[in-house]
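**Student:** Sending over a structure as structure tokens; questions will come in a sec.
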Amino acid sequence: MAAPRRDTRGIVDAPGLFTRVQFRRRTPAAPLRPYVEHYWLIDWDLSEPYATHVVPHPCVNLVFQRYADRPGFGEVAGVGLELFAQKLAGRGRVCGVQFRPGGFRPFAPERPATDWTGRRLPLATAFGPTDAAGPVLEPDDEDARVAALDAFLTPRLRAGPRILAQADLAVGLADRIRTDRTIRRVADFARAEGMSVRALQRLFAGYVGVSPKWVLLRYRVHEALERAASEAEVDWAALAAELGYSDQAHLVRDVTATVGVPPTAYVR
């Protein structure tokens with residue numbers, strides 16, 4: 001069984017968050033793993049409010065959440081286009097499903113991924129009326145919560161062969177963009193994969209929810225922010241070149257547009 005990834009990419013001030021909450025990632029059931037990256041579980045009991053910020057990944061999440069002042073509920077969170085902020089106070093719990101980029105469509109095959117992009121919608125929008133929030137959020141036992149997520153998702157992996165084949169293609173291409181630093185231009189990437197740029201763009205619109213260029217830029221920003229948070233001194237010009245930017249100024253513009261402050265201010 002492959003372990004969930006351990007990096008903190010996308011979490012702004014991960015050390016600050018982890019001192020205030022219990023945060024775990026868990027692996028889904030085997031049939032779900034081609035499409036689900038991991039489950040993420042958070043519990044907190046805070047004496048003072050805390051605001052957490054996340055630079056979203058290019059993927060859909062299901063988010064089951066319970067806050068001190070409201071009953072549990074579930075949402076479909078499409079690919080977030082902006083920095084996401086959430087205030088945590090008192091006691092609460094979140095059980096989330098992070099799909100792989102391109103991996104949500106097999107569970108909701110009737111709608112293109114762009115229908116969810118930039119939106120947070122009730123769970124029923126995708127799956128019809130459901131009482132899944134209770135079984136997922138109520139158990140204190142972590143394994144029981146994971147089992148409830150497996151039980152919710154497994155029967156909903158219902159797409160036909162064509163949707164699954166296209167989803168598999170989209171998942172694979174998005175993963176290449178994430179892991180292959182030699183990919184710097186969408187046109188070159190499409191050509192290497194034997195596709196036209198337009199075909200690649202249509203595939204990502206239907207299954208990922210954002211363009212391949214957006215995915216490429218977002219993963220660059222994720223890596224830049226993680227490096228900035230983990231290294232005592234950052235050579236921004238060298239990092240820009242390593243990530244495929246034309247110059248340091250281009251990297252600074254992307255980071256600033258994503259998190260609202262320049263990289264040096266982010267580090268401070």
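The values are calculated or read from the model by the stated rules, or taken from the named source; none is laboratory data. This is a predicted model, so every value here is computed, not measured. Ideal geometry is used to build each Cβ from the backbone, glycine not excepted, and the neighbour counts take in all protein chains shown. We work out accessible area using only protein heavy atoms, side chains counted, and drop any ligands, DNA or RNA first. Shrake-Rupley method; radii C 1.70, N 1.55, O 1.52, S 1.80 Å.
**Student:** How much of Ser246 can a 1.4 Å solvent probe reach, expressed as accessible area in Å² and rounded to 10?
**Tutor:** Here the residue's solvent-accessible area equals roughly 100 Å².
**Student:** Okay, next question. Accessible area per residue, 1.4 Å probe, Å², for the stretch 19-62: what's the number? Intermediate values should be presented prior to the final figure.
**Tutor:** Numbers: 1810 Å² over 44 residues.
Result: 41 Å² of accessible area for each residue.
**Student:** Select one label from (i) 34, 26, 18; (ii) 39, 18, 18; (iii) 29, 26, 15: the one whose number is semi-axes √(5λ) of the Cα gyration tensor in Å as derived from the coordinates shown.
**Tutor:** (iii)
**Student:** Next question. So what's the back-of-envelope 222 nm ellipticity for the chain, counting only DSSP H runs of four-plus at -39500 (n - 2.57) apiece and dividing by all residues, rounded to 500?
**Tutor:** Working: 11 runs with 106 residues, N = 268.
Using -39500 (n - 2.57) per qualifying helix, the result is -11500 deg cm²/dmol.
**Student:** To continue, here is another question. Given a 1.4 angstrom probe, I'd like the percentage of the accessible area of the chain that is carbon and sulfur, rounded to a whole number. Walk me through the numbers on the way to the answer.
**Tutor:** On the way: 6700 of 12810 Å².
It is 52 percent, rounded to a whole number.
**Student:** May I ask which residue of Val210, Thr182, Leu121 lies farthest towards the positive end of the charge dipole of the stretch 63-215, with charges of +1 (Lys, Arg) and -1 (Asp, Glu) on Cβ and the Cα centre as origin?
**Tutor:** Thr182
**Student:** Among 113-121, 174-182, how do they line up by average Cβ neighbours within 10 Å per residue, starting with the highest? Let's see the in-between values first.
**Tutor:** Values: 113-121: 17.3, 174-182: 15.4.
Descending mean neighbour count gives 113-121, 174-182.
**Student:** Relative contact order of the chain: what whole-number percent is it, with Cα pairs under 8 angstrom and at least 6 residues apart?
**Tutor:** On the way: 462 pairs, mean separation 48.9, N = 268.
So the answer I get is 18 percent.
**Student:** With a bin width of 10 angstrom, please list the P(r) values of the stretch 1-154 as percents of all Cα-Cα pairs, from the 0 bin to the one holding the largest distance.
**Tutor:** 10, 42, 39, 8, 0
**Student:** Now a separate question. What ranking, highest mean first, results for peptides 63-72, 37-46, 214-223 when packing means the other Cβ atoms within 10 Å averaged over each residue? Mind showing how you got there, number by number?
**Tutor:** Details: 63-72: 15.6, 37-46: 18.6, 214-223: 20.9.
Going by the mean number of other Cβ atoms within 10 Å, highest first, we get 214-223, 37-46, 63-72.
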